Amino acid sequence: MRSAISLIAACALWAGLAPVVADADPAWPLTPLASATGGNWPPAPWQINGLPAGSRGAIPLTRFEAALDGGHPVVDIYAQASYGTLAHPLQPPQAVADGARISWRWQIVQPIAGANLRTKAGDDAPIKLCVALDVPRQRLSWFNRSLLALAESRTGTALPTATLCYLWDAQLPVGSTGPNAYTDRVRWLVVASGADAVGRWQSFERDLAADVRTAFGAEAQPLPAATAIVIGADADNTGQQGRAMLAALRVWKARVP
């Protein structure tokens, strides 16, 4: 079972923080995952990461692969008692302002047996789409500031202070939100639910600014910048396996009247 420190430390591999926020281009600078193939995949600056070395023994790395489904490029994600992320740092960080939108398509191919977002023993997901955020540290509790400082001392890397993850869940209704079972610096939001969502492609478009406010409340006032986009999947707590596919990921700033 991973610890709060190891999960927070894993965020060090997701994104580095930078002081400048770009807001000129409506589209966020995400390198298309289909822009490279074979040994050159994933294309930079996308990177595949696992848990920090020594955090919990030898945890296998979740497999991320470029594939085609119906002739369309997808990321095929397979977790088997594993943990892993596919992360795109945002340099400079991007403003999560009113009008910020995120859209994607995914298919839950194989749910993870025994997964339960509310427990450490069941804290696994066949896919999660996350946005790492730079909430000012003065808004955090003393405990969370101390935990972040400890994790940073172990990794030597600045960490995102908050992360929002979009998830599918077998039982929780759409719209459910809550803290990760290991750390409240990660909050989840259920956007698809139940067996009816399994085995078929689903399309999503979310109001990112509204979702950040829903997940983090007063901490998100004013809205923080985003430091990374992260695709993840894990099955290390349950020891089970799961599979999902993701495509057509895009983040942009819609023009607000």
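On full extension of the chain, what length is gained from ARG200 through ILE48, given 0.36 nm per residue of separation minus the C-alpha to C-alpha distance?
Full extension of this stretch gives 52.2 nm more.
So for the range 52-110: antiparallel DSSP bridges make up what percent, rounded to the nearest 5?
For the range 52-110, the DSSP antiparallel bridge percentage is about 90.
Quick one: divide the alpha-carbon radius of gyration of the range 123-257 by 2.2 N^0.38 Å and tell me what you get.
Values: Rg = 15.7 Å, N = 135, 2.2 N^0.38 = 14.2 Å.
Normalised by 2.2 N^0.38 Å, the Cα Rg of the range 123-257 equals 1.11.
How big is the gap, in Å, between the Cα center of the range 83-140 and the Cα center of the range 205-257?
The two parts, judged by their Cα centres, are 5 Å apart.
So if I take the alpha carbon set of the range 23-172, get Rg, then get Rh from the Kirkwood formula, what is the Rg over Rh ratio? Could you put the intermediate results ahead of the total?
Details: Rg = 17.1 Å, Rh = 17.9 Å.
Here the Rg-to-Rh quotient is 0.96.
Once the Cα gyration tensor of the range 4-253 is found, what semi-axes does its equivalent ellipsoid get, as square roots of 5 times the eigenvalues, in whole Å, sorted largest first?
24, 21, 19
Could you state, as a whole-number percent, how many of the C-alpha pairs of the range 195-252 are farther apart than 20 Å?
Numbers: 818 of 1653 pairs.
Value for the range 195-252 (Cα pairs over 20 Å): 49 percent.
Which peptide among 32-39, 222-229 comes first, and what is the full order, when sorted by highest mean count of other Cβ atoms within 10 Å? Walk me through the intermediate numbers first.
Details: 32-39: 12.5, 222-229: 22.1.
The peptides rank, most packed first, as 222-229, 32-39.
If packing is taken as the average number of other Cβ atoms within 10 Å across a peptide's residues, how do 160-167, 181-188, 65-72 rank, most packed first? Before the final figure, lay out each step's value.
Values: 160-167: 24.5, 181-188: 21.8, 65-72: 11.4.
Going by the mean number of other Cβ atoms within 10 Å, highest first, we get 160-167, 181-188, 65-72.
Students often check this: by mean Cβ neighbours within 10 Å, which of 122-130, 210-218 ranks highest, and how do the rest follow? Show your work: numbers first, answer last.
Working: 122-130: 23.4, 210-218: 16.9.
Put in order of decreasing packing, that is 122-130, 210-218.
Express the relative contact order of the range 54-189 as a whole percentage, based on alpha carbon pairs under 8 Å and six or more residues apart in sequence.
Details: 151 pairs, mean separation 23.4, N = 136.
Value for the range 54-189: 17 percent.
With the contact rule set at Cα under 8 Å and sequence spacing of 6 or more, what percent relative contact order holds for the range 4-253?
RCO, the range 4-253: 34 percent.
Report, as a whole number in µm² per second, the diffusion coefficient that Stokes-Einstein gives for the range 104-179 at 10 °C and 1.306 mPa s using the Kirkwood radius over alpha carbon pairs.
Values: Rh = 14.7 Å.
Estimated diffusion coefficient is 108 µm²/s.
What size of dipole, in debye to the nearest 20, comes out for the range 4-253 about its Cα centre when the only charges are +1 on Lys and Arg C-beta atoms and -1 on Asp and Glu C-beta atoms?
Numbers: 19 positive and 19 negative charges, 65 e Å.
For the range 4-253, the charge dipole is close to 320 debye.
Quick note: the coordinates plus some simple rules give every number you see, no bench work behind them. Just so you know, these numbers come straight off a predicted model, no measurement behind them. All Cβ positions, even for glycine, are placed from backbone atoms using ideal geometry, and neighbour counts span all protein chains on display.
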